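The values are calculated or read from the model by the stated rules, or taken from the named source; none is laboratory data. Just so it is clear, the structure is predicted and the values come from calculations on it, not from any experiment. Here the Cβ positions follow ideal geometry from the backbone for every residue, glycine too, while neighbour counts run over all protein chains shown. Keep in mind that these areas ignore ligands, DNA and RNA; they rest on the heavy atoms of the full protein, side chains included. Shrake-Rupley method; radii C 1.70, N 1.55, O 1.52, S 1.80 Å.
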Amino acid sequence: MAPAPGGRPRFSARRRALLVLVVLLLAAVAWLHFTGAAGISGMATKDMDWNNDGQVTESEILQSFYAVTVKKTEEGPRQCSAYAWRGSGEAIRVDCRTVIKPETK
């Protein structure tokens with residue numbers, strides 16, 4: 001970066017480090033979205049009970065980012081989310097709900 005007219009650089013080292021950190025975080029979120037990670041799909045933490053033991057642990061929450069994928073489908077008013085393990089593709093569960101949309105004129 002070229003220094004400003006006063007001899008000081010435009011961005012200090014701290015600002016450059018912060019910019020790099022923000023860019024890396026945005027890239028990570030984009031990658032999670034691209035790979036279909038369940039952790040960023042908008043599901044509540046209480047629904048991340050992947051082994052159905054009735055309790056959500058920290059490891060299950062972390063699994064939603066790296067080990068569980070979600071595929072969302074919509075057929076008319078019915079919206080479904082199919083959760084599966086990333087490596088094997090084995091289904092964990094499918095959550096469906098009916099959404100009633102207001103009629104448009």
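For residues in segment 29-41 being in contact with a strand residue (DSSP E or B) (Cβ under 8 Å, 6 or more places away or on another chain) and part of a helix (DSSP H, G or I), which is least open to solvent (accessible area, probe 1.4 Å)? Full working, then the answer.
Just the residues of segment 29-41 that are in contact with a strand residue (DSSP E or B) (Cβ under 8 Å, 6 or more places away or on another chain), to begin with: 35-39, 41.
Those still in the list that are part of a helix (DSSP H, G or I) too: 35, 38-39.
Working: THR35: 37, ALA38: 0, GLY39: 17 Å².
Looking at residues that are in contact with a strand residue (DSSP E or B) (Cβ under 8 Å, 6 or more places away or on another chain) and part of a helix (DSSP H, G or I), I get ALA38.
Scan segment 61-75 for residues that are closer than 21 Å to TRP31 by Cβ and of a type outside the set (Lys, Arg) and jot them down. Let's see the steps before the verdict.
Initially, segment 61-75 is screened for residues closer than 21 Å to TRP31 by Cβ, giving 61-72.
Correct list: ILE61, LEU62, GLN63, SER64, PHE65, TYR66, ALA67, VAL68, THR69, VAL70.
State all residues of segment 10-28 that are closer than 30 Å to VAL56 by Cβ and open to solvent by 80 Å² or more (accessible area, probe 1.4 Å); if no residue qualifies, say none. Spell out the reasoning first.
Taking segment 10-28 as the starting set, the residues that turn out to be closer than 30 Å to VAL56 by Cβ are 21-22, 24-28.
Matches in segment 10-28: LEU21, LEU24, LEU25, LEU26.
Just to be sure I understand the filter: pairs with C-beta atoms under 8 Å, separated by 6 or more residues or on different chains, first member in segment 17-37 and touching a residue at least 12 places away in the same chain (Cβ under 8 Å) and within 25 Å of ARG86 (Cβ to Cβ), second member assigned to a helix (DSSP H, G or I) and open to solvent by 60 Å² or more (accessible area, probe 1.4 Å). Which pairs pass?
LEU32/ILE40; LEU32/PHE65; ALA37/PHE65; ALA37/TYR66
Step by step: first the residues of segment 42-60, then only those that are surrounded by fewer than 10 Cβ atoms within 10 Å (Cβ to Cβ) and of a type in the set (Asp, Glu), then the one that is farthest from SER81 (Cα to Cα). Which residue is that?
Among those that are surrounded by fewer than 10 Cβ atoms within 10 Å (Cβ to Cβ) and of a type in the set (Asp, Glu), it is GLU58.
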